[in-house]
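Asker: Sharing a structure with you now.
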Amino acid sequence: MNWKTTKLKKLAQAFLSVKTTTDMTSFLRDLCTLEELEELSGRWEAVGLLNKGVSYREIAKQTGISTTTVTRVAHWLNHGEGGYKKVVGE
């Protein structure tokens, strides 16, 4: 499956056009449901905790996401496209 679609590239361009945290949070709120924002925020928090070597169970406890999601985030952090690592600064 080709996931790098024209639609996704347009969304990426929209993200890149936002200049401030305030504008980005407004854009994200308009784009996503509250549940989606909570899920995305939890995943991003998990990335930081995984980089610090925190256990999957502790990450699930701290973030409120499932250990299955933590495992999925860890997989993409270590074997994905490199996006997490570029943003985290590794």
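Asker: Pick out which of 80, 48, 64 has the largest mean-square fluctuation in a Gaussian network model of the chain, springs linking Cα atoms closer than 10 Å.
Answerer: 80
Asker: Looking only at 61, 19, 52, which one moves most when the chain is put into a Gaussian network model with springs between Cα atoms under 10 Å?
Answerer: 19
Asker: How charged is the neighbourhood of residue 1? Take every other residue with its Cβ under 15 Å from the Cβ of residue 1, and add Lys/Arg as +1 and Asp/Glu as -1.
Answerer: It works out to a net charge of +1.
Asker: When the dipole is taken about the Cα centre of the chain, and only Lys, Arg (+1) and Asp, Glu (-1) are charged at their Cβ, what size is it in debye, to the nearest 20?
Answerer: With only Lys, Arg, Asp and Glu charged at Cβ, the dipole is about 340 debye.
Asker: Okay, moving on. Helix by helix, which DSSP H runs in the chain go 20 Å or more along their axis at the Cα atoms and have an average Kyte-Doolittle hydropathy of 1.6 or more?
Answerer: TM-like helix candidates: nothing returned.
Asker: Give me the percent of the accessible area of the chain that comes from carbon and sulfur atoms, probe 1.4 Å, all protein chains in place.
Answerer: Whole-percent figure for carbon plus sulfur exposure: 55.
Asker: With the chain treated as a Gaussian network of Cα nodes joined by springs under 10 Å, which of 34, 11, 49 yields the largest mean-square fluctuation?
Answerer: So, out of 34, 11, 49, the one fluctuating most is 11.
Asker: Would you mind checking the radius of gyration and Dmax of the chain based on alpha-carbon positions, in Å?
Answerer: 14.3, 38
Asker: Something else: Positive end of the dipole of the range 9-90, charges at C-beta (+1 Lys, Arg; -1 Asp, Glu), about the Cα centre: which of 82, 26, 68 has its Cα farthest in that direction?
Answerer: The residue sitting most towards the positive pole is 82.
Asker: OK, next. Any idea what the dipole of the range 9-52 comes to, in debye rounded to 20, about its Cα centre with Lys/Arg Cβ at +1 and Asp/Glu Cβ at -1?
Answerer: 320
Asker: Moving to a separate point now. Keeping all protein chains in place, calculate the accessible area per residue for the range 38-90 (probe 1.4 angstrom), answer in Å².
Answerer: 67
The values are calculated or read from the model by the stated rules, or taken from the named source; none is laboratory data. Bear in mind that the values here come from a model prediction, so they are computed numbers and not experimental data. Heads up, the Cβs are rebuilt from the backbone with ideal geometry, glycines too, and the neighbour counts pull from every protein chain shown. Each accessible area value is taken on the protein alone, full model and side chains, heavy atoms only, with ligands, DNA and RNA left out. Shrake-Rupley method; radii C 1.70, N 1.55, O 1.52, S 1.80 Å.
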